[in-house]
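The values are calculated or read from the model by the stated rules, or taken from the named source; none is laboratory data. Note that the structure is a prediction, hence the values are computed from the model and not measured. Cβ sites come from the backbone with ideal geometry, for glycine too, and all protein chains shown count toward neighbours.
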Amino acid sequence: MTIGKMKLNKLFVACLLAVTLSVTLSACGESDLEEEHEQLLDDAFAAAQNPALGSADPDTDAEVTSPTSIDVSNYDLVFSDEFDGNSLDADNWSTSLFSSDTVIFEQLQYYVDTQNAQQTLSSPFTFNGQSLTISATKTPDDDRADANEQPYLSGLLTSREAFNFTYGYIEARVKVQAGLGIWPMFWMLGSNTDGISPEVYIFEYDGSKVNSVFHNYIYRDAENNQRSNGQREVQADSFSEGFQTVGLRWTPNELLYYVNGQPSYRVIGENVPKENMYLTLNLAMGGNWPGAPDGTTPDPATLEVDYVRIYQEKSQ
């Protein structure tokens with residue numbers, strides 16, 4: 001997700017379908033330079049350990065018309081990866097977002113940069129002709145030095161260099177595992193240096209909570225303060241069993257999250273992101289949110305991805 005020393009928002013608020021929240025935000029952004037980019041990511045989560053900081057008040061009276069389902073016939077497909085080949089498409093993805101030596105949230109994985117790394121660590125990405133699997137495997141003793149002494153090797157994909165966009169419907173079909181310490185996520189970061197530094201978490205998953213999905217939105221206000229209503233826990237029965245679909249409808253005044261085609265969480269307000277963002281998909285292990293893996297955790301732990309798609313309305 002981001003940079004070392006950070007703490008994850010622990011405010012888990014149970015929420016039913018179509019929860020409505022209003023958010024107020026503004027200021028600060030992400031840098032194109034690697035060092036500044038890492039600092040931004042570090043800052044973006046530094047305040048998450050205090051969920052009350054700058055959190056917005058709910059506005060249940062706000063009226064925003066939202067579809068209960070998405071009809072993609074009204075959209076153009078502008079980005080997709082069906083993962084039906086035998087290797088990563090470099091026109092879509094990079095395998096590095098920040099330095100692989102960065103440790104975030106006390107996580108236990110080392111993200112293997114298969115496109116640029118000089119070391120010969122085993123690739124976490126495998127293909128079966130229909131889907132991509134990201135595997136988190138225990139680091140062989142002989143590879144620990146090359147893996148920053150992290151006990152797991154895993155993978156991260158980002159469209160940062162390949163595709164940035166504003167507004168649309170984003171969807172992925174994923175298969176996760178039950179198991180202590182397993183932490184996959186599908187999220188977006190702001191591309192601009194002068195934006196509000198938005199972080200949109202389409203889904204996060206704690207392998208010990210097999211019937212829940214988590215959503216979040218983090219940003220900066222005009223005074224450069226972190227703001228968030230807190231990470232939201234949404235009931236999703238048997239989420240760890242078989243493929244599941246997660247999505248986000250992003251419009252100028254709304255972030256509407258979906259799980260298996262049903263609205264699950266909503267953030268509204270005049271300062272919902274209006275700037276370019278990019279996708280990131282990764283499999284983390286351990287950390288100060290889901291806790292460390294133990295003897296019951298699958299080895300390897302996996303995140304299987306059937307597809308990732310971005311649609312934009314035909315009128316755009």
Filter result (part of a loop (DSSP other than H, G, I, E, B) and aromatic (Phe, Trp, Tyr)) within segment 66-118: PHE83, TRP93, PHE98, PHE105
Residue that is nearest to GLY85 (Cα to Cα) [pool: residues in segment 265-290 that are modelled with pLDDT under 95 and among the small types (Gly, Ala, Ser)]: GLY287
Considering residues of segment 210-223 that are in contact (Cβ under 8 Å) with a residue 60 or more places away in the chain and assigned to a loop (DSSP other than H, G, I, E, B) only, the residue surrounded by the most Cβ atoms within 10 Å (Cβ to Cβ): ASP221
Quick one: in segment 124-137, of everything that is loosely packed, with under 14 Cβ neighbours inside 10 Å and within 24 Å of the chain's Cα centre (by Cα), which residue is farthest from PRO300 (Cα to Cα)? GLN130
Which number in (1) outside any strand (DSSP E or B); (2) out of contact with any Leu (no Cβ under 6 Å at 6 or more places or on another chain); (3) within 29 Å of TYR152 (Cβ to Cβ) marks the one condition that ALA284 misses? (1)
For the structure I just gave you, tell me whether THR296 is surrounded by fewer than 20 Cβ atoms within 10 Å (Cβ to Cβ), of a type in the set (Val, Ile, Thr) and either under 28 Å from SER94 (Cβ atoms) or touching a helix residue (DSSP H, G or I) at 6+ places or on another chain (Cβ under 9 Å) (or both). no
The condition of being in a strand (DSSP E or B), among the β-branched types (Val, Ile, Thr), buried (at least 21 other Cβ atoms within 10 Å of the Cβ) and out of contact with any Pro (no Cβ under 6 Å at 6 or more places or on another chain) holds, among ILE202, ILE196, only for ILE202
In segment 235-260, how many residues are over 15 Å from the mean Cα position of the chain (by Cα), closer than 22 Å to ASP206 by Cβ and surrounded by fewer than 23 Cβ atoms within 10 Å (Cβ to Cβ)? 10
